[in-house]
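Structure, as structure tokens:
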Amino acid sequence: MSDILPQQQLLLELIMMSGDVTVPKNDDGTMIYRTLKECSGFGWVSVLPGKSNSDIATVTAKGRKAI
């Protein structure tokens, strides 16, 4: 497994503390969106379809192990 970066760890911890979070469907170019995509690529976060223009991000079991 690759080493987790500080911003990735922060995002995982924030989602775990607050529960599932709503995220925009469209890439808005922000650091948090890029970090979300990185975490999703590692399988640490699952992004599921939500309502309207948003999706729902959830930390996976692999993500919980990463931190």
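The values are calculated or read from the model by the stated rules, or taken from the named source; none is laboratory data. Being a predicted model, the structure only gives us computed values, none of them experimental. Quick reminder, even Gly has a Cβ in these numbers, built from the backbone with ideal geometry, and neighbours come from all protein chains shown. Note: accessible area is taken over every heavy atom of the protein model, side chains too, but ligands, DNA and RNA are not part of it. Shrake-Rupley method; radii C 1.70, N 1.55, O 1.52, S 1.80 Å.
Things worth noting here:
- FRET efficiency, Thr58 to Asp3 (Cβ-Cβ, R0 30 Å, nearest 0.05): 0.85
- Tilt relative to the chain, helix 31-41 - C-alpha long axis, 0 to 90 degrees, to 10: 70 degrees
- Against the chain, whose longest principal axis comes from its Cα atoms, helix 6-18 is set at around 60 degrees.
- In the chain, helices alone account for a calculated mean residue ellipticity at 222 nm of -13000 deg cm²/dmol, with every DSSP H run of four or more residues adding -39,500 (n - 2.57).
- Protein heavy-atom surface of the chain, 1.4 angstrom probe: 56% of the accessible area is carbon and sulfur, with nucleic acids and ligands not counted.
- Segment 5-45: trypsin sites (Lys or Arg not before Pro) in DSSP coil with no more than 14 other Cβ atoms inside 10 Å: Lys25
- Charge dipole of the chain (Cα centre as origin; +1 on each Lys and Arg Cβ, -1 on each Asp and Glu Cβ, all else neutral): 160 debye, rounded to the nearest 20.
- The residues of the chain expose, per residue, 65 Å² of accessible area to a 1.4 Å probe.
- Which labelled figure in (i) 19, 13, 10; (ii) 32, 24, 4; (iii) 28, 18, 7 is semi-axes √(5λ) of the Cα gyration tensor in Å, once derived from the coordinates: (i)
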